[in-house]
Amino acid sequence: MDNKKEGSSTNNQENSIDVLHSTRTVIKRALDRLGYPQEVYELMKEPLRMMTVRIPVRMDDGSIEIFTGYRAQHNDAVGPTKGGVRFHPEVSETEVKALSIWMSLKAGIVDLPYGGGKGGIVCDPREMSFPELERLSRGYVRAISQIVGPTKDIPAPDVFTNSQIMAWMMDEYSRMKEFDSPGFITGKPIVLGGSHGRESATAKGVTICIKEAAKKKGINIEGARIVIQGFGNAGSFLAKFMHDAGAKVVGISDVYGGLHDPDGLDIDYLLDRRDSFGTVTKLFKNTISNQELLELDCDILVPAAIENQITIENAHKIKANIIVEAANGPTTIEATEELSNRGVLLVPDVLASAGGVTVSYFEWVQNNQGFYWTEEEVGERLEKVMVTSFENVYRVATSRRVDMRLAAYMVGVRKMAEASRFRGWI
Ligand code: NAD
């Protein structure tokens, strides 16, 4: 039996094509601004390597299902590639490609010694048992083992994958190679060499970007009104961090709708009631739509759910002064231009959500040196990286008079282009 459901993924396919197209458009603009010739763009518009694998898995009822998986390695001029593995029914080759390019940009922006990679398996982990998930995870590692490794390409968690899945993958790789290889994968449980602070790293990075952006806009975080779309891993930790910093979280949402209270929501209560898929609004009667949520009166808006939420249709209705993209691709290119022209400070995804890959890098460094850091040490190092990266991007945006997204791409592609040039590739 083949688990790939072709028809159900049409929307996602279109979304992925849009995302890949807009990423390439901004990369082209960034390279043009930096004065690089066309061949640099030709090199960067596609991953250097793309592997498709078929993974047979024995299901609990005795049948065999064949799953399709991918691993994309965008560019390894700077160093090994790095990026998560997504388990989702709508994973596609195009999506994995686009996400691997984003990982290269993120690594360049926060100045990590990596290129971008990404992986995915077409499956629905919500409908699979633990033993089936374990067999699938181990099968994927066996299938891609020739092209991954601690000095080649280092996977990590992404949508619907977690530290348990990383542990199975690390164990499978270590068994195959016949030595313990914690540096093969990041996002592991702490007892297997995971890093303190990894789980909340993306939200911490977003929090640091919000604080830096607020300074630029003269907004005091204490009492600032913030709206967060999405209450999953990124959105819920972020709500907690902002609440603890004295901000008023006036709106949150999940896939079913949003909650709004101009006096500030009770974040601790909502965190207590949310389920493991990041849903909580079903418990309430007075909800608003996700579109209404985005248009709420607030100082700071954080899309932390899915792509294509702020488009040319609703950009003019957004009231926030600052938008910080925790989600990947929540704002279209046209909407970015409209918002920037209005003076809204938009901190793009490739910068704002780079806290996760930064702490993944810290985990890999700790694995390689066999010496582990405290949560405080991780937090301090993350803060330094994010503040420096924000400043670098902001400086390029103001000095070159471009929006923050284009500035971030200019910072992100430069190191990759230079490394490719020094290697004699271009
Ligand atoms: P998650 O699955 O834990 O949570 C997603 C949240 O978004 C849930 O609350 C869900 O109900 C909500 N949601 C889903 N569909 C929605 C819709 N159509 N409208 C409104 N809300 C919807 O995911 P996450 O890990 O928090 O990731 C959220 C975003 O941040 C994604 O774009 C992800 O790629 C990006 N991101 C996450 C990390 C990380 O470390 N978690 C790192 C980088 C980027």
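Computed on segment 25-184, with alpha-carbon pairs under 8 angstrom and 6+ residues apart, the relative contact order is 23 percent.
Taking GluC sites (Glu not before Pro) across segment 77-141, none is in a DSSP loop with at most 12 further Cβ atoms lying within 10 angstrom of its Cβ. Add +1 for every Lys or Arg and -1 for every Asp or Glu among the other residues with Cβ under 9 Å from the Cβ of Val402, and state the total. Spelling it out: positives minus negatives among the neighbours equals +4. Give me the net charge for the shell around Glu46: Cβ to Cβ below 15 angstrom, other residues only, Lys and Arg +1, Asp and Glu -1. Summing Lys/Arg as +1 and Asp/Glu as -1 gives +2. Remark: segment 201-352 carries a charge dipole of roughly 280 debye about the Cα centre, counting +1 on each Lys and Arg Cβ and -1 on each Asp and Glu Cβ. Accessible surface comparison of Asp349, Asp124, Asp268, probe 1.4 Å, protein chains only, largest first: the order is Asp268, Asp124, Asp349.
The calculated FRET efficiency for the pair Glu14 and Lys384, based on their C-beta separation and a Förster distance of 51 Å, comes to about 0.80.
Might you tell me the accessible area per residue for the chain, computed with a 1.4 Å probe and given in Å²? Numbers along the way, then the final one.
Numbers: 17650 Å² over 426 residues.
Per residue, the chain has an accessible area of 41 Å².
Determine the gain in length on full extension of the stretch Leu34-Leu271; use 0.36 nm per residue of separation and subtract their C-alpha separation, reporting nm with one decimal.
In short, 80.9 nm is gained.
Here the peptides 338-344, 284-290, 102-108 are ranked by packing, the mean other Cβ count within 10 Å, and the order with the highest first is 102-108, 338-344, 284-290. Computed from the Cα positions only, the extents of the chain along the three principal axes stand at 55, 54, 47 Å, in decreasing order. The amide H of Arg49, built 1.01 Å from its N in the peptide plane, has Gln73 as neighbours under 5 Å, considering only residues 5 or more places off or on other chains. What pairs in Lys106/Lys319; Lys211/Lys240; Lys204/Lys384 have C-alpha atoms more than 21 Å from each other? Flagged as over cut-off: Lys106/Lys319. Would you mind checking the pairs Lys45/Lys215; Lys215/Lys282; Lys216/Lys317 and listing those with alpha carbons more than 25 angstrom apart? Distance filter (> 25 Å) returns Lys45/Lys215; Lys215/Lys282. Between Asp60 and Leu192, the simple label model (points 7 Å from Cα in the Cβ direction) yields a spacing of 2.1 nm. Residues whose amide H falls under 5 Å from that of Gly84, counting only those 5 or more places apart or on a different chain, are Gly119, Ala156, with hydrogens built in the peptide plane. Expressed as a whole percent, the accessible area of segment 76-154 that falls on carbon and sulfur atoms is 47 (1.4 Å probe). Taking a ≥ b ≥ c as the square roots of the Cα gyration tensor eigenvalues, with a/c under 1.5 meaning rounded and otherwise prolate when a/b beats b/c, else oblate, which class fits segment 184-328? In terms of gyration-tensor shape, prolate. Scanning residues 5 or more positions from Val91 or on other chains, those with amide H under 5 Å from its amide H are Cys123, with H placed 1.01 Å from N in the peptide plane. Simple rule: put +1 on each Lys or Arg Cβ and -1 on each Asp or Glu Cβ in segment 10-181, find the dipole, and look at Tyr41, Gly83, Ile154; the Cα lying farthest toward the positive end is Tyr41.
Does segment 98-220 come out rounded, prolate or oblate, given a ≥ b ≥ c as the square roots of the eigenvalues of its C-alpha gyration tensor, rounded meaning a/c under 1.5 and, failing that, prolate meaning a/b above b/c?
Prolate, since a/c reaches 1.5 and a/b exceeds b/c.
The order of the peptides 45-57, 151-163 by mean Cβ neighbours within 10 Å, most packed first, is 151-163, 45-57.
Take each peptide in 110-118, 418-426, count the other Cβ atoms within 10 Å of every residue, and average; sorted highest first, the result is 110-118, 418-426.
The values are calculated or read from the model by the stated rules, or taken from the named source; none is laboratory data. What you see is a predicted model; the values in this text were computed from it and never measured. No Cβ is skipped: glycine too gets one built from the backbone with ideal geometry, and neighbour counts run over all protein chains shown. Surface areas here come from the heavy atoms of the whole protein model, side chains and all, with no ligands, DNA or RNA. Shrake-Rupley method; radii C 1.70, N 1.55, O 1.52, S 1.80 Å.
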